[in-house]
Amino acid sequence: MCGIFCLLSLSPAHFEWDKTVYEHLKRRGPNSSQDLTVTGKNPCYQCLFSAHVLHMRGLLTPQPLQDNTGNILVWNGEIFGGLPVTPVENDTAVLSERLSSCSSPSEVLSVLSRIRGPWGFVYYQKAGDYLWFGRDFFGRRSLLWKFDAEVLTLSSVAAHTPGAAQFAWQEVPAVGVYRIDLKAAAEAADSLKIFVHCLHQCFLSLLAHCFISLCFCHLLLISGIT
């Protein structure tokens, strides 16, 4: 399994991230390790992506994988079916190509709902300044989140920090795919924390809905069991 990480900061100030988490991530991916930062302006946000690849299929494809239009994918999963992947292809590259052709939320969900296999991912969609993330219906790949002031952190692994709150890291509920409007979130940083806290407490009640929205953050449920 690969190690994937994304830190979203809604402040222009320089941010520091947990070096212990970084070391844990590196142990997940011995074949390739890279970091990539995206900065948005007017309003300001910063996204730090880090990925550590355990190569298992096709050509070695370093992550974070950035396409020609600036979209960025970090992927921890395996595509067994649903999307065609030849023996010489890498599923990360195939998925990135499919997602890059999407121009609407329904198209992104259509691609993800076709995947057969375990997965967790974070995807930066440059057109529109959207950050997508989630994991498969059964939660077979780890994806955790935590909040610290104006920072949202997503990671496939975590580390215990002495003195920190016991439940600082929590699993991202495997009930759908999340999309954050980064421009709107930067203008309402406090609402981001409140929204996701409430979502974590009552996500079971959302199963009857296909689209949940609060200003800038959306939970979109995908159909089918992968």
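So residue 118 ticks every box in (1) buried (at least 21 other Cβ atoms within 10 Å of the Cβ); (2) over 22 Å from residue 8 (Cα atoms); (3) touching a strand residue (DSSP E or B) at 6+ places or on another chain (Cβ under 7 Å) but one. Which box is left unticked?
Looking at each condition in turn, residue 118 falls short on (1).
On the given criteria, is residue 88 over 15 Å from residue 119 (Cα atoms), touching a Gly at 6+ places or on another chain (Cβ under 9 Å) and either surrounded by 15 or more Cβ atoms within 10 Å (Cβ to Cβ) or not polar (S, T, N, Q) (or both)?
Judged against the criteria, residue 88 is a match.
Tally time: how many residues in the stretch 136-150 are of a type outside the set (A, V, I, L, M, F, W, C), assigned to a strand (DSSP E or B) and in contact with a strand residue (DSSP E or B) (Cβ under 6 Å, 6 or more places away or on another chain)?
Summing the residues that are of a type outside the set (A, V, I, L, M, F, W, C), assigned to a strand (DSSP E or B) and in contact with a strand residue (DSSP E or B) (Cβ under 6 Å, 6 or more places away or on another chain) in the stretch 136-150 gives 1.
Listed here are the residues, each with its yes/no results for (1) of a type outside the set (Gly, Ala, Ser); (2) at pLDDT 90 or above.
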site: 79; (1), (2): yes, yes
site: 111; (1), (2): yes, yes
site: 114; (1), (2): yes, yes
site: 125; (1), (2): yes, yes
site: 134; (1), (2): no, yes
site: 140; (1), (2): yes, no
site: 152; (1), (2): yes, no
site: 169; (1), (2): yes, no
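Counting only residues that are among the β-branched types (Val, Ile, Thr) and within 18 Å of residue 120 (Cβ to Cβ), which one in the stretch 14-69 is farthest from the chain's Cα centre (by Cα)?
61
Any residue at all in the stretch 13-20 that's in a loop (DSSP other than H, G, I, E, B) and either over 30 Å from residue 160 (Cβ atoms) or acidic (Asp, Glu) (or both)?
Yes; the residues of the stretch 13-20 include at least one that is in a loop (DSSP other than H, G, I, E, B) and either over 30 Å from residue 160 (Cβ atoms) or acidic (Asp, Glu) (or both).
Would you mind stating whether residue 150 is over 17 Å from the mean Cα position of the chain (by Cα) and either within 17 Å of residue 172 (Cα to Cα) or not polar (S, T, N, Q) (or both)?
It is true that residue 150 is over 17 Å from the mean Cα position of the chain (by Cα) and either within 17 Å of residue 172 (Cα to Cα) or not polar (S, T, N, Q) (or both).
Going by what's in this entry, would residue 77 be described as of a type in the set (Gly, Ala, Ser), within 25 Å of residue 183 (Cβ to Cβ) and touching a residue at least 60 places away in the same chain (Cβ under 8 Å)?
Considered against the rule, which asks whether it is of a type in the set (Gly, Ala, Ser), within 25 Å of residue 183 (Cβ to Cβ) and touching a residue at least 60 places away in the same chain (Cβ under 8 Å), residue 77 comes out as no.
Restricting the first residue to the stretch 33-45 and requiring it to be of a type in the set (D, E, K, R), which pairs with a second residue that is assigned to a strand (DSSP E or B) meet a Cβ separation below 9 Å and a spacing of at least six or different chains?
Every condition considered, the pairs that remain are 35/5; 35/48; 35/49; 35/50; 35/51.
What about residue 11, is it farther than 20 Å from residue 172 by Cα, in contact with a strand residue (DSSP E or B) (Cβ under 7 Å, 6 or more places away or on another chain), surrounded by 13 or more Cβ atoms within 10 Å (Cβ to Cβ) and small (Gly, Ala, Ser)?
no
Residue 23 fails exactly one of the following numbered conditions: (1) part of a helix (DSSP H, G or I); (2) surrounded by 13 or more Cβ atoms within 10 Å (Cβ to Cβ); (3) not β-branched (Val, Ile, Thr). What is the number of that condition?
That leaves (2) as the condition not met.
The values are calculated or read from the model by the stated rules, or taken from the named source; none is laboratory data. Not measured: the values here are computed from a predicted model. Cβ coordinates were reconstructed from backbone atoms using ideal geometry, including for glycine residues, and neighbour counts include every protein chain displayed.
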